[in-house]
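This report concerns only the one structure given below.
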Amino acid sequence: MKYLMILLAMLTATGCAMNDIVELNKPTKQNFDLTDMDKDGVITARENCAGTLLGAEVDNYGCGQVHDINETQELNIFFANNSEVIESQYYDQIEKIAKLMKKYPTTKVVIEGHTSLRGSYELNLALSQKRAKSVIDVLENTFGISPERMSAVGYSFDKPIDTSGTPEAEERNRRVISTISGEDTMSKMRWNIYTVDDENE
């Protein structure tokens with residue numbers, strides 16, 4: 001009797017399992033578009049902002065996250081004492097400014113010139129203005145940036161970053177600073193395994 005009950009249970013289970021099998025003779029109809037046309041990780045069915053910049057941060061609806069452009073950078077350009085001449089070895093730093101301005105065509109740049117604490121205020125005021133103008137000349141004549149998008153301002157020695165009076169301090173104080181701003185917005189980019197290398201280019 002015991003074996004008969006076991007056999008009946010097995011037959012019943014097998015019959016149920018066979019009845020649950022459904023053969024698909026044609027593909028299941030998909031009601032939603034699961035493709036990701038702009039490769040931002042959001043399916044087309046949910047996408048509200050198609051065509052976002054590849055690699056940009058996006059929300060759950062595929063819309064890119066942006067921030068205003070307002071970038072200040074000190075250019076590591078060495079100026080000889082009482083000179084505004086920029087040697088060609090420093091052009092790669094100026095080129096980074098030019099590339100950003102070309103990418104975002106409504107941006108403008110202000111170049112600040114600064115000097116060491118040596119000499120008269122008036123002499124250094126003129127010199128700091130010339131140093132800032134030298135950067136603008138390179139942006140215009142070498143990299144093709146319109147002069148209408150650039151301005152130069154000299155600060156003499158009003159804003160020293162090192163007041164120790166050493167030769168190294170005087171060298172650090174002879175500097176130029178660029179500030180790029182504008183109505184354009186920059187897409188925030190996702191971090192990836194190449195991010196650090198990209199930032200060091």
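The values are calculated or read from the model by the stated rules, or taken from the named source; none is laboratory data. This one's a predicted model, so the numbers in the text were calculated from it and none came from an experiment. Positions of Cβ are backbone-derived with ideal geometry, glycine not excepted, and every protein chain shown enters the neighbour counts. Side chains are part of the model used for accessible areas, which takes the heavy atoms of the whole protein and leaves out ligands, DNA and RNA. Shrake-Rupley method; radii C 1.70, N 1.55, O 1.52, S 1.80 Å.
Brief remarks on what is shown
- Against the list (1) open to solvent by 50 Å² or more (accessible area, probe 1.4 Å); (2) among the basic types (Lys, Arg); (3) farther than 30 Å from Cys49 by Cα, the condition Lys99 fails is (3).
- Which listed residue, of Glu170, Glu122, Glu140, is touching a helix residue (DSSP H, G or I) at 6+ places or on another chain (Cβ under 6 Å) and assigned to a helix (DSSP H, G or I): Glu140
- In the range 124-137, residue nearest to Asp162 (Cα to Cα) [restricted to those that are open to solvent by 10 Å² or more (accessible area, probe 1.4 Å) and touching a residue at least 40 places away in the same chain (Cβ under 8 Å)]: Leu127
- Residue match in the range 111-129 (condition: within 30 Å of the chain's Cα centre (by Cα) and among the basic types (Lys, Arg)): no
- With respect to the conditions (1) at pLDDT below 70; (2) more than 18 Å from the chain's Cα centre (by Cα); (3) part of a loop (DSSP other than H, G, I, E, B), Asn31 lacks only one, and its number is (1).
- Being in contact with a helix residue (DSSP H, G or I) (Cβ under 7 Å, 6 or more places away or on another chain), of a type in the set (A, V, I, L, M, F, W, C), open to solvent by 30 Å² or more (accessible area, probe 1.4 Å) and closer than 16 Å to Asn173 by Cα is true of Leu117.
- Considering the conditions (1) part of a helix (DSSP H, G or I); (2) in contact with a Leu (Cβ under 7 Å, 6 or more places away or on another chain), Phe157 is excluded by exactly one of them, (1).
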